[in-house]
Amino acid sequence: MVTKRGEETRAVAASEPALRIIMRRLRDIMAEQGDGQSRLDKIVRQIAGVMVADVCSLYLKRQDGTLELFATEGLLPTAVHDTRLKRGEGLVGRCAELNITINEPDAPKHPAFSYRPETGEELYHSLLAVPIQRSGQTLGVLVVQNKATKEYSDEDVEVLESTAMVVAEQLVSGAVAGTTAALEISSSLAAVIKGQSISDGLALGHVVLHESRIVVTKLMADDPVHELRRLENGLTDLRLSLDEMLAHEHLSAAGEHRDVLDAYRMFAHDKGWERRLREAVQGGLTADASVERVLNNTRARLMHQPDPFWRERQRDLDDLSDRLLRILAGRPGGPIEPAEMPPDTVLVARTMGPAELLDYDRTKLRGLVVEDGSPQSHVAIVAKALGIAAVARATGIVERATAGDAIIVDGVTGQVHLRPQPEVVSAYSDKARFRARRQKQYDALRDKPAVTRDGVRINLQMNAGLIVDMPHLEESGADGIGLFRTELQFMLSRTFPRHARQLQTYKTVLDEAKGKPVVFRALDIGGDKVLPYLRQQKEENPAIGWRAIRMSLDRPALLRTQVRAFLHAASERELRLMIPMVSEAAEIDLVRAQVDKEIGIMLRKGIPPPKSLKLGAMIEVPSLLFELDGLLPKVDFVSIGSNDLLQFLFAADRTNARVGSRYDSLTVAPMRALAQLVNACARHKTPLTVCGEMAGRPLEAMALIGLGFRTLSMAPASIGPVKATILALHAGGAQQIVERFVRDGKGSLRTELMRFAEQNGIEI
């Protein structure tokens with residue numbers, strides 16, 4: 001049934017797109033005087049007229065999650081503010097909950113339909129419902145209905161989705177007075193997001209978005225022709241920038257990275273994407289608003305896809321859309337300038353690489369929150385080196401956060417408090433002051449040897465991987481560097497670091513160590529540590545694939561270049577070289593042969609070799625536990641990489657949130673494996689170190705000392721707490737507990753050690 005109003009609008013629409021008509025009329029409504037309710041009433045009336053609908057209704061999502069009917073044209077007026085739908089109730093609730101468009105030709109027959117007699121909607125059959133979204137958040141639902149049984153056209157869907165976007169902006173901006181207080185708007189509400197800690201610490205500060213999202217404020221076009229020209233120019237600039245990036249000499253080589261970037265570029269040239277953008281502009285939106293509308297529409301369709309392929313395509317579209325918005329806004333650049341950073345910056349990002357983090361002013365950086373990542377990711381390693389609190393797997397943080405928002409990052413629990421309440425800020429401020437006092441206590445212990453109450457000296461060393469880490473050696477009071485990750489230099493470089501660059505890095509490290517021992521770990525790439533300039537095949541299980549020494553032995557030039565740089569840097573000094581991912585003793589023989597060959601070349605050239613060379617193996621692969629008597633006579637020391645060793649022992653991917661934290665390092669199996677290592681090293685008189693995450697946690701450190709470990713290597717920030725624990729510890733008492741547990745224990749040693757610590761006044 002078509003009203004007279006509808007017949008008039010149809011006559012106009014014959015010569016003008018329906019969306020443009022709605023945009024013009026919405027602009028007029030917003031310019032008029034009146035309260036929020038009257039404006040909403042006019043909005044639904046105009047939408048119903050232009051779309052030739054018998055009903056147009058606006059539901060808004062309240063702070064309790066319910067949907068309330070705020071305005072209607074066609075339903076009974078008495079139902080306004082009286083009709084409420086629970087989360088997911090009916091087709092309208094389903095639209096809001098799943099964030100999807102619903103187009104039903106005969107809605108009452110749908111099993112999810114919820115009949116509300118107070119609305120008088122029994123007369124209407126066809127229903128089109130679209131979510132009202134802003135920045136990925138659903139604020140409500142816009143609905144049109146007709147008496148006739150029909151499926152709404154694609155044009156109708158496009159018009160209503162674009163209209164919903166404009167309505168969302170008006171609601172959030174406060175242009176529709178009286179609605180904001182009722183809405184569930186995350187931009188004004190406190191939120192607690194549970195993530196995973198990747199760097200210990202506590203940060204109170206303000207949000208800086210790594211890829212600062214452009215907030216579209218002007219939605220309706222004054223001049224559609226001009227906006228279409230802006231869009232075309234923006235798309236041209238976007239494609240040119242991508243072509244230039246791909247033409248870069250460092251990215252021109254074939255490989256997996258090239259395939260990914262080519263696919264990314266093809267997405268930017270996608271005709272379907274361009275067509276949808278053009279149609280949105282021709283409908284009356286600005287170029288900027290068209291990008292956001294198409295993004296929201298596509299995201300709504302792809303966000304529920306279980307296939308990781310489509311989720312990755314969504315990330316590509318997000319990135320392309322952000323790039324295009326920045327171009328349209330005249331802001332194509334990357335990270336903000338140091339002068340623009342607040343002094344208490346907390347970076348918020350979907351994902352971030354280690355080099356990108358180092359682009360920011362470290363003096364103003366307090367914390368980091370990312371949606372992806374894990375404690376073993378590269379950005380986590382850099383965050384630890386910088387001493388900033390960091391949390392990963394904070395789902396939805398980018399969409400919910402706005403630049404300048406107050407934020408608290410709890411790097412202990414993994415919680416992120418966005419726009420925290422005053423009482424939460426007060427509690428965390430007290431907590432931060434307490435941590436600062438404890439840090440002062442740790443600083444006071446810096447020059448004090450780590451000796452237990454019964455006189456056992458424990459050697460505390462630090463893990464590092466960058467030149468920027470070196471000042472921590474003196475600041476933390478570490479006895480040396482038990483693990484220097486050489487792969488970080490390769491990962492941060494745009495090209496393969498040649499001999500001279502590697503030599504300079506290793507020499508600088510030795511110089512700044514000022515005579516303290518340094519253990520260099522040979523290159524450990526592969527797996528999740530990918531170099532963009534090194535072609536690698538995709539592997540089903542990269543953690544146990546072609547990586548570390550396996551790769552180096554297959555590529556002798558790679559190993560030879562690094563070994564030569566080590567030897568030249570340590571000329572007339574001590575060199576400690578550790579080989580990662582050793583799976584069998586024979587691999588040490590191959591490496592030693594290469595080292596001996598390079599020393600021979602040095603001698604022939606008259607270059608002094610290191611005055612002392614110690615070659616060690618990193619024990620990460622469980623197979624070595626059954627070959628210790630064959631391995632230990634071949635090496636000068638061994639070091640346990642507890643992260644990988646535990647992951648392989650439990651067959652649990654440490655980067656997988658579902659299983660990574662499922663298994664306890666203080667249970668029977670790992671403790672017996674470590675005891676076996678200690679006993680074997682004692683028989684062969686081989687020095688033994690732990691350099692994984694296990695060494696840096698006070699309770700686990702107690703267990704390791706009880707097992708017989710006397711050298712622990714950890715992140716610089718962990719040295720103070722571990723040293724405080726050691727000074728209060730009676731090593732003999734811990735040894736008795738641990739030996740008893742290894743012999744006949746069950747479950748976890750954790751409870752018993754906690755009890756022992758409490759009885760002996762040890763703070764954990």
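Among the candidates E184, E211, the residue that is at pLDDT below 85, under 24 Å from A349 (Cβ atoms) and among the charged types (D, E, K, R) is uniquely E211. Within segment 718-747, being of a type in the set (G, A, S), in a helix (DSSP H, G or I) and touching a strand residue (DSSP E or B) at 6+ places or on another chain (Cβ under 9 Å) holds for one residue alone: S718. Within the option set G367, G373, G404, G411, being more than 30 Å from R485 (Cα to Cα) and not assigned by TED's automatic domain parsing to the domain that holds G696 holds for one residue only, G404.
When G761 is tested against (1) on the phi > 0 side of the Ramachandran plot; (2) in a helix (DSSP H, G or I), just one condition goes unmet, and that condition is (2). Of note, L473 satisfies the criterion of being outside the structural domain of K611 (by TED's automatic domain parsing) and at pLDDT 90 or above. In this structure, is S199 at pLDDT below 85 and under 30 Å from V369 (Cβ atoms)? Judged against the criteria, S199 is not a match. Checking each residue in segment 468-518 for being in a helix (DSSP H, G or I) and under 23 Å from D443 (Cβ atoms) picks out V468, D469, P471, H472, L473, E474, E475, S476, E512, A513. The single condition among (1) at pLDDT 95 or above; (2) over 25 Å from S199 (Cα atoms); (3) out of contact with any Phe, Trp or Tyr (no Cβ under 6 Å at 6 or more places or on another chain) that P687 does not meet is (3).
Under the condition of being crowded, with 17+ Cβ neighbours inside 10 Å, part of a helix (DSSP H, G or I) and either of a type in the set (S, T, Y) or in contact with a Gly (Cβ under 6 Å, 6 or more places away or on another chain) (or both), the residues counted in segment 622-642 number 1. Listed conditions (1) modelled with pLDDT under 75; (2) over 43 Å from the mean Cα position of the chain (by Cα) are all met by K42, apart from (1). May I ask you to say which residue of R433, R457, R437 is out of contact with any helix residue (DSSP H, G or I) (no Cβ under 9 Å at 6 or more places or on another chain) and at pLDDT 95 or above? Only one candidate passes the filter, namely R457. Residue count for segment 115-149, restricted to those that are small (G, A, S) and at pLDDT 90 or above: 4. If we keep just the residues of segment 492-509 that are among the hydrophobic types (A, V, I, L, M, F, W, C) and out of contact with any helix residue (DSSP H, G or I) (no Cβ under 6 Å at 6 or more places or on another chain), which is modelled with the highest pLDDT? Only one residue fits best here, namely V509.
Comparison of L466, L473, L460, L483 shows that the only residue that is under 15 Å from V518 (Cβ atoms), touching an Asp or Glu at 6+ places or on another chain (Cβ under 6 Å) and buried (at least 19 other Cβ atoms within 10 Å of the Cβ) is L460. Could you please find all residues in segment 380-414 being of a type outside the set (S, T, Y), surrounded by fewer than 17 Cβ atoms within 10 Å (Cβ to Cβ) and at pLDDT 85 or above? Hits for segment 380-414 are G404, V412.
Each residue in segment 9-35 was checked for being touching a helix residue (DSSP H, G or I) at 6+ places or on another chain (Cβ under 6 Å), within 11 Å of V50 (Cα to Cα) and either loosely packed, with under 11 Cβ neighbours inside 10 Å or modelled with pLDDT of 80 or more (or both), and 3 of them qualify.
Would you check if there is a residue in segment 362-379 being more than 30 Å from E292 (Cα to Cα), assigned to a helix (DSSP H, G or I) and modelled with pLDDT under 85? Taking every residue of segment 362-379 in turn, at least one turns out to be more than 30 Å from E292 (Cα to Cα), assigned to a helix (DSSP H, G or I) and modelled with pLDDT under 85. Can you tell me which of A617, A565 is touching a residue at least 24 places away in the same chain (Cβ under 8 Å), assigned to a helix (DSSP H, G or I) and under 29 Å from K516 (Cβ atoms)? Exactly one of A617, A565 is touching a residue at least 24 places away in the same chain (Cβ under 8 Å), assigned to a helix (DSSP H, G or I) and under 29 Å from K516 (Cβ atoms), namely A565.
The values are calculated or read from the model by the stated rules, or taken from the named source; none is laboratory data. The shown structure was predicted, so the numbers you read here are calculated from the model rather than taken from an experiment. Don't worry about glycine lacking a Cβ; one is built from the backbone with ideal geometry, like all the others, and counts go over all protein chains shown.
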